[in-house]
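Since the structure comes first, as structure tokens, the remarks are kept for the end.
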Amino acid sequence: MKLVQDLPGIFEEFGEKRREAFLEVKEYKDKGVPVVGMYCAYFPTELAMAVGAIPVGLCSFSNETVTAAERELPKSMCPLVKSSYGFAIEDKCPFFHFADLVIGETTCDGKKKMYELMAEFKPVFVMELPNSQSEKGLEFWRREVIRTKEYFEEFFHVIITDEMIHHAVHLSNEIRRSLKELCEVMKLDPAPVFGTDIQKMINGSKYRFDFKTTPELVDAVTEKILEEYHQGKHLESRPRILVTGCPIGGDTMKILEGIEENGGVVVAVENCSGVKTLDQMVDETQEDIYGAIAKRYLSTGCSIMTPNDNRIELIGRIIEEYRVDGVVEMILSGCHATGAESIYIRKFVNEEKNLPYISIDTDYSSADKGQISTRLAAFIEMIQADKSGKKELDMNCCYKLIVSGISGGKCFGEILQNVWDYTGVPVRFSKRNQEVLYEVGKEQVTADAQCIVHECLDDVRIEAVILDDQRKIQVQELADILAKSFSMYQKNRKNTGNDQKRQPDYLWILVSDTSLAARLAGKLEETKEFSPVVEKQKDNSILITNIRGKEDRTLLIRLCKEFIYDCDGKILIGNGVKAEQNLSENKRLQQEVFELARNRAPGKHLYLIEQYYHELAISYISRKVGENGFKLKELEQIRCEDEETGKNLYETLYWYLRMKRNVSQTAAKLKIHRNTLLPRLTRLNDMLDLDNRDGAECEKLLVAMEIERMKSSDDL
């Protein structure tokens, strides 16, 4: 194919390549070149290339033959399977017609049954695919690759020499490398071209049967895109979208088109018709070339694998490297594996990458095209609003923040701060005499700012500032919620105030040096809540003699946080002590906690004593049992394995036990995906038999690890 001068012409030429290849495949057949049809990215195309055959994809993405397939297959089956089978039985696919052999793999149930039916009228060879990407799975898959190689030799009457397979591997790597570099032009921001054009190139390249010239041709297109980009020819700034899920092509291109017609740009397509099949190369340096082929293909992150950590890892890298703003997952109706796995993808994207995610369930018909376009338009508008600093406010979320704050005993100033952190709406509570009771976001308010004013009880008024026209209605609603909530808060405070007054507490504050403690005491004495109850001691401590419940302590924490922000020092805030005769013992205990906290979290400036009770208990146990009282052989074995493999099993075990063997909470603490955690837990179970240990045994392991961590921290 000759490289035309303009990029649109190049993209269209590649887009039509599959149609042109219908005629080319007959020409190759007439020359005696065999054709191997395939349906999955797990098939090592190097085996077909090594025997001189043309490997060609048979997966169909058209609604045209679905009705024909449904005469034999269930309507609830995946449209990709129905379309592919329909083209086969209707003999409407030249690639299938001219294929000497069809290769299948035991991937999804639908395809496995399709291969059984196809075998009645076409030679079909099925590769047995393992269900997981484990070491045993890799050993099994390597044997399957060799079994397939031996079958090819028998079927095509050719001996595949090491030289032939190495040549095929090298050529395949070159094709993958050129296409991967083409995809990577979309890392540029703004994007140089539309993602649909890149996808035309990827799809079209699969139907270029002159394999040797493909890398050079693709490289030339990449160079031309970059050349024009540096000349200033690129798209305007758009929300950058990653598309994942089921294979994209043909009628499902409506997803990519819907994104880009509504103002987005598809910077990457992760699924097996995109980056997933280009990400890794076969290691040509390996002495065991079939082992290297098996390893490369089995690492493909498909939803039929369990667990599917490789897909999560690849999506994470794409999000970072391609500067993704949002993720769209396309799920074909009836594809149960991808549909079930979508919950992991959503959680990973939302919770670990803090990006918006949307799933689109569809088939090959055009009936839902308008609905899909509408959903994608709203999704892209949301991203645009977030990028511009304008976001839709969830009033239910605001209400939950307020109600949980009131029921949790927070002071209203802290509740209002939480609302400000979420909404970004400046709010002021003041009395008729202009005395400000609470205020957030005042630095954002200009002299001509428009305000929504609400009247509350006891001559208190609320002023909520409108920062842009989009928010006017929502700011009005927020002000109304705050007014009602303030009244609720005042009533709740009156109902509980008498009990608090009857039981004042003493409270210790410890500061890292005496001069800083004196300055903090002066700061607290300036506030009306604490001016009568602050007693500066001769050392680095302050005693508050009349703490009235959670609200006073919350206010005290806020004042200390503001004070220490500009200081080079540390503060510990204790808990209330009701009996005056216990003050000295309580102070000694808090001094011990202060030292523990400073050792365990040296980067922090403000410590709350309740956050370190666990460390205090471990410190006490450590002193009681002595130096060697809690050394366990199991932990030594885990440490040795970590040193050899770098799997981080020791840290994983610690947080798994600390989180009471809760998988989700452990994954969150380690900042990894659940699917990444599960193989580690499997290995830990093999070593420690955790599932069969009772709570006391697990607690002993945890305490031993805590003591080790504490001693390690002390040594530092």
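The values are calculated or read from the model by the stated rules, or taken from the named source; none is laboratory data. Quick caveat, the model's predicted, so the values are computed rather than measured. Note that each Cβ is placed from the backbone with ideal geometry, even for glycine, and that neighbours are counted across all protein chains shown. Areas reflect the complete protein model, heavy atoms only, side chains present, ligands, DNA and RNA absent. Shrake-Rupley method; radii C 1.70, N 1.55, O 1.52, S 1.80 Å.
Details
- Angle in degrees between helix 674-688 and the longest Cα principal axis of the chain, rounded to the nearest 10: 80 degrees
- Taking semi-axes √(5λ) of the Cα gyration tensor in Å as calculated from this structure, the corresponding entry among [x] 93, 31, 21; [y] 61, 34, 22; [z] 51, 37, 21 is [y].
- Heavy-atom accessible surface of the chain: percent carbon and sulfur, 1.4 Å: 48 percent
- In the context of the full set of protein chains, residues of the chain present 48 Å² of accessible surface per residue (probe radius 1.4 Å, heavy atoms only).
- Proximity of backbone amide H atoms, modeled 1.01 Å from N, is registered between Val124 and Val102 at under 5 Å, excluding neighbours fewer than 5 places apart on the same chain.
- Loop-located trypsin sites (Lys or Arg not before Pro) in region 545-620 (DSSP state other than H, G, I, E, B) with a sparse environment of at most 16 neighbouring Cβ atoms within 10 Å: Lys578, Lys604.
- Charged neighbours of Leu520, selected by a Cβ distance under 14 Å, balance to -2 (K, R count +1; D, E count -1).
- Subset of Lys369/Lys669; Lys410/Lys431; Lys400/Lys669; Lys369/Lys400; Lys224/Lys647 violating a 32 Å alpha-carbon distance limit: Lys369/Lys669; Lys369/Lys400; Lys224/Lys647
- Trypsin sites (Lys or Arg not before Pro) restricted to region 31-84 and DSSP loop, no more than 16 other C-beta within 10 Å: Lys31, Arg71, Lys75
- Anisotropy class of region 242-327 from Cα gyration tensor, a/c 1.5 cut: prolate
- When the chain is described by a simple charge dipole with +1 on each Lys and Arg Cβ and -1 on each Asp and Glu Cβ, the residue from Gly249, Thr67, Ala617 located farthest towards its positive end is Ala617.
- Of the GluC sites (Glu not before Pro) in region 30-131, the ones in a loop by DSSP (not H, G, I, E or B) with at most 10 other beta carbons within 10 Å are Glu120.
- Nearest 10 degrees, 0 to 90: helix 613-625 Cα axis against the chain principal axis: 90 degrees
- Distance in nm between pseudo-label sites at Ser531 and Gln665 (7 Å out along the Cβ direction from Cα): 4.5 nm
- Prolate/oblate/rounded call for region 638-716, Cα gyration tensor, a/c under 1.5 rounded: rounded
- Angle of helix 336-347 to the longest C-alpha principal axis of the chain, folded into 0 to 90 degrees and rounded to 10: 30°.
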